[in-house]
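**Student:** Questions regarding the structure given below will be posed in turn.
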Amino acid sequence: MAAGKDSAANITIRALATPEDFRGCVKLQQEIWGFSEEDSLPVRLFIVARKIGGQIFGAFDGEELIGFCVALPGLKPDGGGTFLHSNMLGVRGKYRDHGSGRRLKHAQRDDALARGIGLIEWTFDPFEIKNAYFNMERLGAVVKRYVLNQYGITSSALHGGLPTDRCTAEWFLASDRVKAAAEGKPIPKPPIEERIEVRGDFATIRRLDPKRAREVQEHVSDSFLDAFRRGLTVVGVERTGAGAAYLLGKWEP
C-alpha cells in the first residue's frame, strides 16, 4: 500500500511479542539508520525487554511492519522512582510525517499510565530539528540534561563519525504540558529566559567539513551544559529561517 494521508488511517499499532516481530525490528534498524549488526539492538534484547517490563510496539501497514519503538524499565537513583527509557523509535522513510511516530509514542504513554508509571525518557540529537520540534511541541516533553558522546562513535552514516552528544527528553506523562499536547491544545510555557540556536544545515557541514562540524557541535554542547547548570529547562522549539532555536525557562513538573 502506498504511504500517504489516506493510508495513514490504515496504520495499526500493536504490542510486539514474538521473535519474528523482533527480527523485523532489527531489519528496520539497518534500513532506517544504516546500523551495522554490531550497533543494532539484537533480537535477544527485545526478548529481555518484554520479559522485564519494557515496552515494544509496532506500527503496521496491513501485515507489514513499518515502524517500532522499544523502551526499557529504569530506576532513578536515590529512591527517585521508576521510569521507562525509550531506547529507540523509527519509522520507514515513506511512512514518516503521517502520524505513525506520534501514535507509537502515545501507545507508550497509555501503557505506562495504566501501569502507574509517570515518566518516559529518551535521548535525541539536538541538530535533528524535526525530531526536536516533535518532542517539545507535539508531545510536550522537556529537556534538563545533556549527555556528551552518549553512544560513542557508531557505524551509522547519519552520525558522520562525530561524538553522539544527546539531549535527554523527559516526558512527564500526567503534566499539564503533556495533557495539552495530547488534546491538541497549546502547550503552556514559562517565561522564556534564553535561546540556543542550532543550524539547519548541520548535516551538510558534517558531510563536507567534519572538523567544522565538530566545532559547531562543541559550541552547542557548551551552551546546553551551561544553561542546565543554571537551572534552565528546554520548554519549546521555534523554527527559524536558519534552523531552530531551543527555548529555555524555569520549569518544574
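**Student:** State the extension gain, in nm to one decimal, for the chain segment bounded by D111 and D201, taking 0.36 nm per residue of separation less the distance between their alpha-carbons.
**Tutor:** Between D111 and D201, full extension yields 28.7 nm more.
**Student:** Using a simple charge model, +1 on the beta-carbon of Lys and Arg, -1 on the beta-carbon of Asp and Glu, nothing else, what dipole does the stretch 96-253 show about its Cα centre, in debye to the nearest 20?
**Tutor:** For this selection, approximately 280 debye.
**Student:** Please give the peptides 100-106, 37-43, 164-170, 206-212 ranked by average Cβ packing (other Cβ atoms within 10 Å per residue), highest first, as a rough proxy for protection.
**Tutor:** 164-170, 100-106, 37-43, 206-212
**Student:** Give, in nm to one decimal, the length gained when the segment between D222 and Q150 is fully stretched (0.36 nm per residue of separation minus the Cα-Cα distance).
**Tutor:** Contour length minus the Cα-Cα distance gives 24.4 nm.
**Student:** Using modelled amide H (1.01 Å from N, peptide plane; none on Pro or chain starts), what sits under 5 Å from the amide H of D165, excluding residues fewer than 5 places away?
**Tutor:** Those lying under 5 Å, H to H, from D165 are N149, Q150.
**Student:** Taking a ≥ b ≥ c as the square roots of the eigenvalues of the Cα gyration tensor of the stretch 23-163, is the shape rounded (a/c under 1.5), prolate (a/b larger than b/c) or oblate? Show your work: numbers first, answer last.
**Tutor:** Details: a/c = 1.28, a/b = 1.13, b/c = 1.12.
Here the stretch 23-163 falls in the rounded category.
**Student:** Using θ = phi - 60° and the Karplus curve 6.51 cos²θ - 1.76 cosθ + 1.60, what whole-Hz ³J(HN,Hα) does each residue of the stretch 205-216 get, with Gly and Pro shown as x?
**Tutor:** Going residue by residue, I get 4, 4, 6, 9, 8, x, 5, 5, 4, 5, 5, 5 Hz, with x marking Gly and Pro.
**Student:** Which entries of K144/K189; K105/K185; K189/K250; K144/K185; K27/K94; K76/K130 have Cα-Cα distances beyond 19 Å here?
**Tutor:** As for pairs spanning more than 19 Å Cα to Cα, those are K144/K185; K76/K130.
**Student:** Here are several values of Cα extents along the principal axes in Å: (i) 46, 43, 42; (ii) 45, 41, 39; (iii) 60, 45, 42. Which one was derived from the coordinates shown?
**Tutor:** (i)
**Student:** I'd like the Karplus ³J(HN,Hα) series for the stretch 172-188: coefficients 6.51, -1.76, 1.60, θ = phi - 60°, whole numbers in Hz, and an x wherever there's a Gly or Pro.
**Tutor:** The phi angles translate into 7, 5, 9, 6, 4, 4, 5, 4, 4, 4, 5, 8, x, 9, x, 7, x Hz.
**Student:** Related question: Find the relative contact order for the stretch 5-189 and round it to a whole percent, using C-alpha pairs within less than 8 Å whose residues are 6+ positions apart.
**Tutor:** About 18 percent, as a whole number.
**Student:** Still on this model: For G243, list long-range residues whose amide hydrogen, built 1.01 Å from N in the peptide plane, is under 5 Å from its own amide hydrogen.
**Tutor:** Amide H to amide H, under 5 Å and 5 or more residues apart or across chains, G243 pairs with G200.
**Student:** Test of understanding: what is the full-extension gain from E20 to D209, defined as 0.36 nm times their sequence separation minus their Cα-Cα distance?
**Tutor:** 63.9 nm
**Student:** Of T240, A174, L65, which is farthest on the positive side of the dipole of the chain, counting Cα position, with +1 on Lys and Arg Cβ, -1 on Asp and Glu Cβ, and the Cα centre as origin?
**Tutor:** Toward the positive end, the furthest listed residue is A174.
**Student:** Report, in whole Å, the centroid distance computed from the Cα atoms of the stretch 177-209 and the stretch 91-153.
**Tutor:** 12 Å
**Student:** Then there's this: Can you compute the FRET efficiency between N10 and Q30 using 1/(1 + (r/R0)^6), with r the Cβ-Cβ distance and R0 = 30 Å? Round to the nearest 0.05.
**Tutor:** On the way: r = 25 Å, r/R0 = 0.84.
E(calc), rounded to 0.05, equals 0.75.
**Student:** To the nearest 20 debye, what charge dipole does the stretch 5-189 have about its Cα centre, counting +1 at the Cβ of each Lys and Arg and -1 at the Cβ of each Asp and Glu?
**Tutor:** Working: 25 positive and 22 negative charges, 104 e Å.
Computed charge dipole of the stretch 5-189: roughly 500 debye.
**Student:** Once phi is turned into θ = phi - 60°, what whole-Hz ³J(HN,Hα) does the Karplus curve with 6.51, -1.76 and 1.60 give for every residue of the stretch 37-51, x standing for Gly and Pro?
**Tutor:** Along the stretch 37-51, the couplings run 4, 5, 8, 6, 5, x, 4, 5, 5, 4, 4, 5, 4, 5, 6 Hz.
**Student:** For A59, enumerate residues with amide H under 5 Å from its amide H, sequence gap 5+ or separate chain, H modeled in the peptide plane.
**Tutor:** I66, G67, F68
**Student:** If you don't mind, there's one more thing I want to ask. What does the net charge come to around R109 if you take all other residues with beta carbon closer than 12 Å to its beta carbon, with K and R at +1 and D and E at -1?
**Tutor:** +3
**Student:** Just to verify a number: FRET efficiency for D176 and L75, C-beta to C-beta distance, R0 = 35 Å, to 0.05?
**Tutor:** Once the sixth-power term is evaluated, E becomes 0.85.
**Student:** Let me ask another. Please name which of P186, Q150, G161 has its Cα lying farthest along the dipole of the stretch 5-189 towards the positive end, using unit charges on Cβ (Lys, Arg +1; Asp, Glu -1) and the Cα centre as origin.
**Tutor:** The residue sitting farthest along the positive end of the dipole is P186.
Here, each number is a calculation from the coordinates, and none is a lab measurement. Please read these numbers as outputs of a predicted model, since none were measured by experiment. Virtual Cβ from ideal backbone geometry, glycine too; neighbours counted across all protein chains shown.
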